[in-house]
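J.: Supplied in structure tokens, the structure appears directly below.
The values are calculated or read from the model by the stated rules, or taken from the named source; none is laboratory data. Quick caveat: nothing in here was measured; it's all calculated off a predicted structure. Methodologically, a virtual Cβ is constructed for each residue, glycine included, from the backbone with ideal geometry; neighbour enumeration extends over all protein chains shown.
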Amino acid sequence: MTRDDLFNINAGIVRDLVSAVADNCPGAFIHIISNPVNSTVPIAAEVLKQKGVYDPKKLFGVTTLDVVRANTFVAQRKNLKLIDVDVPVVGGHAGITILPLLSKTKPSASFTGEEIEELTVRIQNAGTEVVEAKAGAGSATLSMAYAAARFVESSLRALDGDGDVYECSFVQSDLTELPFFASRVKLGRKGVEALIPSDLQGLTEYEQKALEALKPELKASIEKGIAFAQKQTVAA
Ligand SMILES: NC(=O)C1=CN([C@@H]2O[C@H](COP(=O)(O)OP(=O)(O)OC[C@H]3O[C@@H](n4cnc5c(N)ncnc54)[C@H](O)[C@@H]3O)[C@@H](O)[C@H]2O)C=CC1
Ligand SMILES: O=C([O-])CC(=O)C(=O)O
């Protein structure tokens, strides 16, 4: 089962839950973790638009687990302290749409071409690895909970006025030609305060190619979500 197979079940669940959020707490930060995130976030956006309460700064797809995995695998490979490692992961949250930018790893680390290929594929497939290992009994559970807790805590710090909160998230974006894109964002009291474009500048040839390669799949997933939501009329 892929994240996209979950579309038929989760699209309706996300539509209904977000519709309830729109009615009851329209100003809330909304964190969408249900898969396929690449489609469920656009569904949520459409529902909120239909309800007249869409604030793109407050709608987030939770891709934190991709960063957690990237940091972990890089720390293991390079014998670094996990707490020090930070790898931005951009694009989306499925297969090749997950693009770890290893050249932007902090602290700076060098990788052979082979290591880049191996780590990139491992990070992209880590969720599927767990889904297959559990064979129908669900997906990554504890690591998802950890990632969700981290993102929520960051959101709470931002709401509390901390001026130094950055996370990667799948949000409405103008960093590429796609309407939604995961990148590092600065969080503030009102939600997304700024998208951070610098991670996408000065990419290696490998990353640039991977970025172009992921766009058609990500675009199709976004459009699938929008089409689903536009076919339905949410009760006003
Ligand atoms: N974004 C991310 O990093 C990750 C996302 N996921 C996604 O999180 C979701 C949950 O995954 P698991 O916990 O493994 O699934 P699961 O099948 O173990 O749990 C799903 C839960 O949702 C409940 N549920 C079903 N219909 C519902 C409804 N209409 N309203 C409210 N709750 C409902 C079920 O009772 C069940 O407790 C999946 O969509 C999965 O793909 C999982 C791992 C990582
Ligand atoms: O692959 C899945 O359905 C679960 C998931 O999103 C992840 O573990 O990243």
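J.: Residue check, residue 140 against (1) among the small types (Gly, Ala, Ser); (2) part of a helix (DSSP H, G or I); (3) closer than 26 Å to residue 76 by Cα, all met but one. Which one?
T.: (2)
Conditions tested, residue by residue: (1) without any contact (Cβ under 8 Å) to a residue 40 or more places away in the chain; (2) touching a Gly at 6+ places or on another chain (Cβ under 7 Å); (3) within 16 Å of ligand 2 (Cβ to nearest atom); (4) not assigned by TED's automatic domain parsing to the domain that holds residue 195.
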| residue | (1), (2), (3), (4) |
| --- | --- |
| 8 | yes, no, yes, yes |
| 12 | yes, no, no, yes |
| 23 | yes, no, no, yes |
| 27 | yes, no, no, yes |
| 42 | no, yes, no, yes |
| 46 | no, no, no, yes |
| 49 | yes, no, no, yes |
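Yes or no, residue by residue, for (1) out of contact with any Asp or Glu (no Cβ under 8 Å at 6 or more places or on another chain); (2) modelled with pLDDT of 95 or more; (3) within 29 Å of residue 193 (Cβ to Cβ):
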{"residue": "94", "(1), (2), (3)": "no, yes, yes"}
{"residue": "108", "(1), (2), (3)": "yes, no, yes"}
{"residue": "112", "(1), (2), (3)": "yes, yes, no"}
{"residue": "131", "(1), (2), (3)": "yes, no, no"}
{"residue": "157", "(1), (2), (3)": "yes, yes, yes"}
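J.: Restricting attention to the range 64-100, which residues are more than 16 Å from ligand 2 (Cβ to nearest atom) and surrounded by 17 or more Cβ atoms within 10 Å (Cβ to Cβ)?
T.: Of all residues in the range 64-100, those more than 16 Å from ligand 2 (Cβ to nearest atom) come to 74-86, 88.
Within the range 64-100, 74, 75, 85, 88 meet the criteria.
J.: Out of the range 135-175, which residues are under 15 Å from the mean Cα position of the chain (by Cα) and either charged (D, E, K, R) or under 21 Å from residue 104 (Cβ atoms) (or both)?
T.: 147, 150, 151, 154, 166, 167, 168, 169, 170, 171, 173, 175
J.: Can you spot a residue in the range 215-229 that is at pLDDT 95 or above and part of a loop (DSSP other than H, G, I, E, B)? Break it down stepwise before answering.
T.: First, the residues of the range 215-229 that are at pLDDT 95 or above: 215-229.
Next, only the ones that are part of a loop (DSSP other than H, G, I, E, B) stay: none.
Scanning the range 215-229 turns up no residue that is at pLDDT 95 or above and part of a loop (DSSP other than H, G, I, E, B).
J.: Confirm whether residue 140 is in contact with a Gly (Cβ under 8 Å, 6 or more places away or on another chain), outside the structural domain of residue 30 (by TED's automatic domain parsing) and over 19 Å from residue 38 (Cα atoms). Please lay out each step first, then the result.
T.: On the way: in contact with a Gly (Cβ under 8 Å, 6 or more places away or on another chain): yes; outside the structural domain of residue 30 (by TED's automatic domain parsing): yes; over 19 Å from residue 38 (Cα atoms): no.
The answer is no for residue 140.
J.: Which condition from (1) within 16 Å of ligand 1 (Cβ to nearest atom); (2) in contact with a helix residue (DSSP H, G or I) (Cβ under 7 Å, 6 or more places away or on another chain) is the one that residue 154 breaks?
T.: Result: residue 154 fails condition (2) only.
J.: Can you name the condition, by its number, that residue 146 falls short on among (1) surrounded by 12 or more Cβ atoms within 10 Å (Cβ to Cβ); (2) in contact with a strand residue (DSSP E or B) (Cβ under 9 Å, 6 or more places away or on another chain)?
T.: So the condition that residue 146 fails would be (2).
J.: Which of the following residues is of a type in the set (Gly, Ala, Ser) and surrounded by fewer than 19 Cβ atoms within 10 Å (Cβ to Cβ): 127, 138, 61?
T.: Details: 127 fails: surrounded by fewer than 19 Cβ atoms within 10 Å (Cβ to Cβ); 61 fails: surrounded by fewer than 19 Cβ atoms within 10 Å (Cβ to Cβ).
Residue meeting the stated conditions: 138.
J.: Residue 52 - would you say it is surrounded by fewer than 24 Cβ atoms within 10 Å (Cβ to Cβ), more than 14 Å from residue 185 (Cβ to Cβ) and within 14 Å of ligand 1 (Cβ to nearest atom)? Steps first, please.
T.: Numbers: surrounded by fewer than 24 Cβ atoms within 10 Å (Cβ to Cβ): yes; more than 14 Å from residue 185 (Cβ to Cβ): yes; within 14 Å of ligand 1 (Cβ to nearest atom): no.
No, not satisfied.
J.: Could you list, in sequence order, the residues of the range 116-131 that are within 13 Å of ligand 1 (Cβ to nearest atom) and charged (D, E, K, R)?
T.: Within the range 116-131, just 129 meets the criteria.
J.: Right, here's the next one. Taking the stated definitions as given, is residue 67 touching a Cys at 6+ places or on another chain (Cβ under 9 Å) and among the hydrophobic types (A, V, I, L, M, F, W, C)? Full working, then the answer.
T.: Working: touching a Cys at 6+ places or on another chain (Cβ under 9 Å): yes; among the hydrophobic types (A, V, I, L, M, F, W, C): yes.
So residue 67 passes the test.
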